[in-house]
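S.K.: The structure's right below; bear with me while I get my questions together.
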Amino acid sequence: MSKPDLDDLRRILHECAGAAEGVNLDGDILDTTFADLGYDSVAMLETGSRIEQEFGIKLDDDAVAAGTPRELFAIVNASQLRA
């Protein structure tokens, strides 16, 4: 089972909610908050659902509360270990 990488996350974020004006998803965004990137809880719900669908991962509700991409990847990795 593969796991999403940063490029996958960028694509999924863009597909689910677009990109906020003035936000560059191509930079180093691992420690940038999703709020600073322009994504709210609704966008994160959609992102979590898309990750589950595309990668066959069952995420806990914590995934929506992830503050940064790095935190989201930690949740994804923990979910894969439990599977």
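Coordinate-derived values only; no laboratory data. Please read these numbers as outputs of a predicted model, since none were measured by experiment. Here the Cβ positions follow ideal geometry from the backbone for every residue, glycine too, while neighbour counts run over all protein chains shown.
S.K.: Go through (1) 0.96; (2) 0.93; (3) 1.01 and flag the label whose value is the computed Rg/Rh (Cα atoms, Kirkwood Rh) for this structure.
M.R.: So the structure-derived entry is (2).
S.K.: Give, as a single signed number, the net charge of other residues whose beta carbon lies under 10 Å from the beta carbon of GLU71, with Lys and Arg counted +1 and Asp and Glu -1.
M.R.: -1
S.K.: Work out the length of the dipole vector of the chain about its Cα centre, built from +1 on the beta-carbon of each Lys and Arg and -1 on the beta-carbon of each Asp and Glu, and round it to the nearest 20 debye. Please report the intermediate quantities before stating the final value.
M.R.: Numbers: 7 positive and 17 negative charges, 62 e Å.
Using only the charged Cβ atoms, the result is roughly 300 debye.
S.K.: Can I ask one more? Put a dot 7 Å past each Cα toward the Cβ at ASP7 and ASP28; how far apart are the dots in nm?
M.R.: Distance between label points: 2.0 nm.
S.K.: A follow-up question, please. Give me the percent relative contact order of the chain, please, defined on Cα pairs under 8 angstrom at least 6 residues apart. Write down the numbers at each step before the final one.
M.R.: Details: 79 pairs, mean separation 27.8, N = 83.
Relative contact order for the chain comes out at 34 percent.
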